[in-house]
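The values are calculated or read from the model by the stated rules, or taken from the named source; none is laboratory data. Small disclaimer: the values here were computed from a predicted structure and weren't measured. All Cβ positions, glycine included, derive from the backbone under ideal geometry; neighbour counts span all protein chains shown. Calculation scope for accessible area: heavy atoms of the full protein, side chains included, ligands and nucleic acids excluded. Shrake-Rupley method; radii C 1.70, N 1.55, O 1.52, S 1.80 Å.
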Amino acid sequence: MTRRVTLIPGDGIGPEVTRAAQIVASATGVAIDWEVVEAGEQTIRSAGTPLPPSVLESIRKNRVALKGPITTPIGGGFRSVNVALRLELELFASVRPARAIAGEGTRYPETDLIVVREATEGMYAGIEHWVDRDHTAAETVDVVTRKASDRIVRFAFELARREKRRKVTAVHKANIMKTTGALFQSAFRDMATAYPDIIAEERLIDNMCMQLVKKPSEYDVIVTTNLFGDILSDLCAGLAGGLGIAPGALYGESIAVFEPVHGSVPKYAGQDKANPVAEVLSLALLLRHLGESAAAERIERAVWRVVAEKKVVTYDLALPGYTDRPVPPSSCSAMAAEIARQVPLVDLSSPRPQYVPPSPTRA
Ligand code: NAD
């Protein structure tokens, strides 16, 4: 059966990393008919808007999309296409696994976290205004509803149960944000009673940042509001090995969009330099969502092997500093080709690869 999937190449490095994901998808043998639609900065010139209605129509029709990053101008300019997509399609759950790969590129080789971020409200929804005509004061509205909080917290507990995770940590700032923070906190506390098999705990956002950097292995699934989730998922990506390897998914009730955590990295656009792994692992999440678990597993294991072998890796994984094995960096397309080459070679009957710490005598 051929699957029809919307593909949004996006801005900056987006076309390069989505092309890489398409090459890896071909190697799995799963037949995908990509419906390519354009959104983002470039689309303003061709369509007069960064988010043409045809993009939303395509995703609504196909119900699943793979997306590259899209630039959002800082300060003025057009409103975030990413935020608009989440709101228009009610993609309420942003799921961002942060897993170290073969211990490379990280000081925390055992990192294995999942950040679950509410994606439709909070301060990130961009509801703001100038207070005065001279623009000397401004306000942002932080909207938190019981309905959306219940929905995301339930999603996090269900995900924890499905993935056999032991703990869900809610992150908020209810000591200072005594209405919005407390509302999210009480939704979490009430929902936790329905999941006695999973440990439920809370952290204030500031403490959580410190705890994560000190001992990330203490944490498992993290559920939080929109802006805190945006920040924490980059932090967790950094713990796991960097934005170049951090995949993501956005789930609504019946639509899912898969995209890396990273942005469009304008400085590397068109240089065939960016790490394709985050987009490729987002593709693996997409395939699992479509029920193609074996193909997803093949991709994840092929990525693991390529990163562990460290012969064909992009600059961010080739750097010295975290590792005793600096190597010459490869291009985005070369790394994608190597992952694609390894996909059919994966032996799914063998155990999943595990990180093995170097023996003390090796050093
Ligand atoms: P960014 O993620 O684009 O880049 C931050 C840094 O991370 C880069 O300088 C680079 O060193 C590293 N990096 C990120 N992805 C990498 C990859 N695949 N390979 C190697 N290194 C990588 O963040 P930014 O510079 O803050 O944002 C740039 C633009 O992207 C902005 O316009 C922002 O709004 C947008 N953005 C879009 C999304 C999205 O589409 N979902 C997400 C985040 C940022």
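For segment 264-282: of the residues being surrounded by 24 or more Cβ atoms within 10 Å (Cβ to Cβ) and among the polar types (S, T, N, Q), which is nearest to PRO15 (Cα to Cα)?
ASN275
Quick check on this structure: which one of PHE92, PHE78 is under 24 Å from ILE8 (Cα atoms), hydrophobic (A, V, I, L, M, F, W, C) and over 20 Å from the mean Cα position of the chain (by Cα)? Don't jump to the end; show me each part of the working.
Numbers: PHE92 fails: over 20 Å from the mean Cα position of the chain (by Cα).
Just one listed residue meets the conditions, PHE78.
Looking only at residues that are modelled with pLDDT of 95 or more and within 11 Å of the ligand (Cβ to nearest atom) in segment 53-75, which one is farthest from the chain's Cα centre (by Cα)?
Across segment 53-75, the extreme among qualifying residues is ILE70.
Among the listed residues GLY248, GLY252, GLY238, which satisfies the condition of being open to solvent by 10 Å² or more (accessible area, probe 1.4 Å) and within 11 Å of the ligand (Cβ to nearest atom)? Quick ask: steps written out before the conclusion?
Details: GLY248 fails: open to solvent by 10 Å² or more (accessible area, probe 1.4 Å); GLY252 fails: within 11 Å of the ligand (Cβ to nearest atom).
Answer to the selection: GLY238.
Being closer than 19 Å to ARG96 by Cα and in contact with a Phe, Trp or Tyr (Cβ under 7 Å, 6 or more places away or on another chain) is the requirement here; does ARG166 meet it? Reasoning before the result, please.
Working: closer than 19 Å to ARG96 by Cα: yes; in contact with a Phe, Trp or Tyr (Cβ under 7 Å, 6 or more places away or on another chain): no.
Taking the combined requirement at face value, the residue does not satisfy it.
Out of all the residues in segment 39-61, is one or more in the same structural domain as GLU297 (by TED's automatic domain parsing), open to solvent by 50 Å² or more (accessible area, probe 1.4 Å), in contact (Cβ under 8 Å) with a residue 60 or more places away in the chain and within 16 Å of LEU286 (Cα to Cα)?
Within segment 39-61, one or more residues are in the same structural domain as GLU297 (by TED's automatic domain parsing), open to solvent by 50 Å² or more (accessible area, probe 1.4 Å), in contact (Cβ under 8 Å) with a residue 60 or more places away in the chain and within 16 Å of LEU286 (Cα to Cα).
What about LEU287, is it more than 11 Å from the ligand (Cβ to nearest atom) and within 12 Å of the chain's Cα centre (by Cα)? Quick ask: steps written out before the conclusion?
Numbers: more than 11 Å from the ligand (Cβ to nearest atom): yes; within 12 Å of the chain's Cα centre (by Cα): no.
No: the conditions fail for LEU287.
LEU319 is checked against (1) more than 23 Å from ARG19 (Cα to Cα); (2) under 18 Å from the mean Cα position of the chain (by Cα); (3) within 14 Å of the ligand (Cβ to nearest atom) and fails just one. What number does that condition carry?
Of (1) more than 23 Å from ARG19 (Cα to Cα); (2) under 18 Å from the mean Cα position of the chain (by Cα); (3) within 14 Å of the ligand (Cβ to nearest atom), only one is false for LEU319: (2).
Looking at (1) touching a Lys or Arg at 6+ places or on another chain (Cβ under 7 Å); (2) at pLDDT below 95, which is the one condition that is false for GLY48?
(1)
Looking at ARG298, ARG288, which is the one that is crowded, with 24+ Cβ neighbours inside 10 Å, modelled with pLDDT of 95 or more and not in a loop (DSSP other than H, G, I, E, B)?
Details: ARG288 fails: crowded, with 24+ Cβ neighbours inside 10 Å.
Only one candidate passes the filter, namely ARG298.
Failed condition for LEU319, given (1) at pLDDT 90 or above; (2) of a type outside the set (S, T, N, Q); (3) surrounded by 12 or more Cβ atoms within 10 Å (Cβ to Cβ), with all others met?
Unmet condition: (1).
Residue under question is VAL30, and the condition is that it be β-branched (Val, Ile, Thr) and within 17 Å of GLY248 (Cβ to Cβ); does it hold? Break it down into steps so the answer makes sense when it comes.
Working: β-branched (Val, Ile, Thr): yes; within 17 Å of GLY248 (Cβ to Cβ): no.
Judged against the criteria, VAL30 is not a match.
Out of curiosity, is VAL95 β-branched (Val, Ile, Thr), over 25 Å from GLU16 (Cβ atoms) and either more than 13 Å from the ligand (Cβ to nearest atom) or outside the structural domain of THR169 (by TED's automatic domain parsing) (or both)? Spell out the reasoning first.
Numbers: β-branched (Val, Ile, Thr): yes; over 25 Å from GLU16 (Cβ atoms): no; either more than 13 Å from the ligand (Cβ to nearest atom) or outside the structural domain of THR169 (by TED's automatic domain parsing) (or both): yes.
Judged against the criteria, VAL95 is not a match.
Restricting attention to strands (runs of 3 or more DSSP E) lying wholly within segment 65-139, give those where 1 or more residues are crowded, with 21+ Cβ neighbours inside 10 Å.
Fully inside segment 65-139 and qualifying: 93-99, 112-118.
Scanning segment 140-180 for residues that are among the small types (Gly, Ala, Ser) and closer than 14 Å to ILE199 by Cα, which turns out surrounded by the fewest Cβ atoms within 10 Å (Cβ to Cβ)?
In the first step, residues of segment 140-180 are kept if they are among the small types (Gly, Ala, Ser); the result is 148-149, 156, 160, 170, 174.
Still in the running and closer than 14 Å to ILE199 by Cα: 156, 160, 170.
Numbers: ALA156: 30, ALA160: 23, ALA170: 27.
Here the answer is ALA160.
Please tell me if GLY229 is under 21 Å from the mean Cα position of the chain (by Cα), within 16 Å of the ligand (Cβ to nearest atom) and open to solvent by less than 10 Å² (accessible area, probe 1.4 Å).
On the way: under 21 Å from the mean Cα position of the chain (by Cα): yes; within 16 Å of the ligand (Cβ to nearest atom): yes; open to solvent by less than 10 Å² (accessible area, probe 1.4 Å): yes.
Criteria met by GLY229.
Here are VAL327, VAL306, VAL261, VAL312: which of them is assigned to a helix (DSSP H, G or I) and either β-branched (Val, Ile, Thr) or surrounded by 18 or more Cβ atoms within 10 Å (Cβ to Cβ) (or both)? Please lay out each step first, then the result.
Details: VAL327 fails: assigned to a helix (DSSP H, G or I); VAL261 fails: assigned to a helix (DSSP H, G or I); VAL312 fails: assigned to a helix (DSSP H, G or I).
Of VAL327, VAL306, VAL261, VAL312, the one residue that is assigned to a helix (DSSP H, G or I) and either β-branched (Val, Ile, Thr) or surrounded by 18 or more Cβ atoms within 10 Å (Cβ to Cβ) (or both) is VAL306.
Please work out if ARG341 is over 22 Å from TRP34 (Cβ atoms), surrounded by fewer than 18 Cβ atoms within 10 Å (Cβ to Cβ) and not assigned by TED's automatic domain parsing to the domain that holds ILE231.
In short, no.
State whether the residues of segment 23-30 include one that is touching a residue at least 60 places away in the same chain (Cβ under 8 Å), within 18 Å of VAL261 (Cα to Cα) and more than 10 Å from the ligand (Cβ to nearest atom).
First pass over segment 23-30, keeping only residues touching a residue at least 60 places away in the same chain (Cβ under 8 Å): 23-30.
If we keep only those that are within 18 Å of VAL261 (Cα to Cα) as well, we get none.
Within segment 23-30, none of the residues are touching a residue at least 60 places away in the same chain (Cβ under 8 Å), within 18 Å of VAL261 (Cα to Cα) and more than 10 Å from the ligand (Cβ to nearest atom).
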